[in-house]
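The values are calculated or read from the model by the stated rules, or taken from the named source; none is laboratory data. A quick note: this is a predicted structure, and the numbers were derived from the prediction, not measured. So basically every Cβ, Gly included, is an ideal-geometry build from the backbone, and we count neighbours across all protein chains shown. What goes into the accessible areas is simple: the full protein's heavy atoms, side chains included, and nothing from ligands, DNA or RNA. Shrake-Rupley method; radii C 1.70, N 1.55, O 1.52, S 1.80 Å.
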Amino acid sequence: MTIFTGEIELTTDQPRQMIDITGRARALVRESGVQTGVCSLFAHGATAALTIQENADPNISVDVLSCLDGLIPAGKWLHDRIDGNGASHIQAAIVGPTEVVPIRDGDLHLSTWQNVFFCDFDGPRRIRRVIVTILGDP
Amino acid sequence: MTIFTGEIELTTDQPRQMIDITGRARALVRESGVQTGVCSLFAHGATAALTIQENADPNISVDVLSCLDGLIPAGKWLHDRIDGNGASHIQAAIVGPTEVVPIRDGDLHLSTWQNVFFCDFDGPRRIRRVIVTILGDP
Amino acid sequence: MTIFTGEIELTTDQPRQMIDITGRARALVRESGVQTGVCSLFAHGATAALTIQENADPNISVDVLSCLDGLIPAGKWLHDRIDGNGASHIQAAIVGPTEVVPIRDGDLHLSTWQNVFFCDFDGPRRIRRVIVTILGDP
């Protein structure tokens, strides 16, 4: 079994934004040469997360963000006394920074409507990073 | 280290349903021969997810589904203009499609009350799939 | 590639509590000798979970717990007829028991403000356990 490591670097330009990183993750899997295994993705940043959702209708990302904002609204948290982004931290804690996607035939084995999204709950940020570790057989 | 791959195929018969797949995951671990490692499970479908919960009281599944329905109700999302299942997508995005369970002594190393559940938030579906990748030492 | 296994044993002394286990996870990574790979952490207990959040401001843990309590309040679930902790089970199901953190240069590759927390939603408990599996190259 081999290990391949990579990073996906992103810039966000909105206060709250979901960016589809499936294509870049797929490119790393191809570069790794791994045919069968897993691709572990990990979002850096305590106000960022990863999620897997449909991208055919871009409104799903809008829905996910507005749902989280409704459930966990800004402006009412103890951490807001420090830097005003308490809701972003809580959303990141609940959605979570990790996804582990199977690799088959040298590609991410997602279903038709599944895409991997980076979620920035406290943008815009010039640099955001997803750490990628691919484990498997060539 | 070896890699073993498998799939768990399911049929759901309710609009919203949690199905315990622990026994089938355990059977794949036994088949793999792996004694020490991890079992990565990944639900296909952008309206499906995996979760780990108790199955001794079947009402916990009812509670989880009714809680999610209360927090993320159907019928108020932009995606509903396309096919009416916006809430199912958001619930899947938040619960998430992946679990990684440790393997010890050739078995899933869950605690007494932990079981792995497939969640269908948009059933019934004739075929749902969980992709299983087992990494470890025999 | 090698596999290293370990456990983190905890005692909680509050009904609801988040405990930073980053230092103990880092110690296991050092003990493993793995330089590049992943560290899979898995919380035992159907009323426990893992999350990754900031620890510089201890109020973030308070915010996460109070947010979950507001969204998923105690006392209104079918499982409460059995043992009164239905909300704890649902919170654990949604936050989830697993995290997979990358290892680089022999250490957990977290970002500056990320720490790994064990969440006890139904404490206090004399013994809680996190199962650790480290996969990687020395």
Here is a list of conditions, (1) surrounded by 22 or more Cβ atoms within 10 Å (Cβ to Cβ); (2) within 28 Å of A:ASP69 (Cα to Cα), and B:LYS76 meets all of them except one; can you say which number that is? (1)
Within region B:51-84, how many residues turn out to be in contact with a Cys (Cβ under 7 Å, 6 or more places away or on another chain) and either touching a residue at least 40 places away in the same chain (Cβ under 8 Å) or not aliphatic (A, V, I, L, M) (or both)? 1
Counting only residues that are in a loop (DSSP other than H, G, I, E, B), charged (D, E, K, R) and over 13 Å from C:VAL29 (Cβ atoms), how many does region C:90-138 have? 3
Filter result (within 13 Å of chain B (Cβ to nearest Cβ) and aromatic (Phe, Trp, Tyr)) within region C:116-138: C:PHE121
Single unsatisfied condition, C:ASP69 versus (1) within 9 Å of another protein chain (Cβ to nearest Cβ); (2) open to solvent by 10 Å² or more (accessible area, probe 1.4 Å); (3) in contact with a Lys or Arg (Cβ under 9 Å, 6 or more places away or on another chain): (1)
Step by step: first the residues of region C:97-138, then only those that are under 22 Å from C:VAL62 (Cα atoms) and charged (D, E, K, R), then the one that is surrounded by the most Cβ atoms within 10 Å (Cβ to Cβ). Which residue is that? C:ASP120
Answer yes if at least one residue in region C:25-35 is surrounded by 18 or more Cβ atoms within 10 Å (Cβ to Cβ), facing another protein chain (nearest Cβ under 9 Å) and at pLDDT 95 or above, and no otherwise. no
Every listed condition ((1) assigned to a helix (DSSP H, G or I); (2) of a type in the set (Val, Ile, Thr); (3) open to solvent by 40 Å² or more (accessible area, probe 1.4 Å); (4) touching a strand residue (DSSP E or B) at 6+ places or on another chain (Cβ under 9 Å)) holds for B:ILE82 save (4)
Can you confirm whether B:HIS109 is under 30 Å from A:ASP137 (Cβ atoms) and without any contact (Cβ under 8 Å) to a residue 40 or more places away in the chain? yes
